[in-house]
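Presented below is the structure to which this report refers.
Please treat every number below as a calculation from the coordinates, not as lab data. Computed from a predicted structure; not experimentally measured. All Cβ positions, even for glycine, are placed from backbone atoms using ideal geometry, and neighbour counts span all protein chains on display.
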């Protein structure tokens, strides 16, 4: 069983907050195409993507799920990897509750809220 299949329940749990932008199969395909990166933990998972803007290259946390302590241990390595690729910023969008996690202790600050409306 591959890492992505092993972590399917965690990925699908995180995708419930994505407003149906992606399915598990979409994420698996993007990881296979190297358009997204899978960071498997023992019982946690992070999926990132590199976003190229005209003025900067960003490492974006697309989704994360699992045990908060394990996620906290995974992020420095992921961010170092992104910096090595020339990323100058890390971004993420998530539930308000992420503000109360290890992220606040490691320099992340709220920049904006993302709101949506179905048309």
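Rounded to the nearest 0.05, the FRET efficiency derived from the C-beta distance between residue 6 and residue 93 at R0 = 30 Å is 0.75.
Between residue 23 and residue 72, the contour length at 0.36 nm per residue exceeds the alpha carbon distance by 15.1 nm. Spin-label model, residue 50 to residue 80: label points 7 Å out along the Cα-to-beta-carbon direction sit 1.9 nm apart.
Label-to-label distance, residue 34 versus residue 13, with points set 7 angstrom from Cα along the beta-carbon direction: 3.1 nm.
One chain, two ends: residue 106 and residue 42. Fully extended at 0.36 nm per residue, the span grows by 20.8 nm beyond their Cα-Cα distance.
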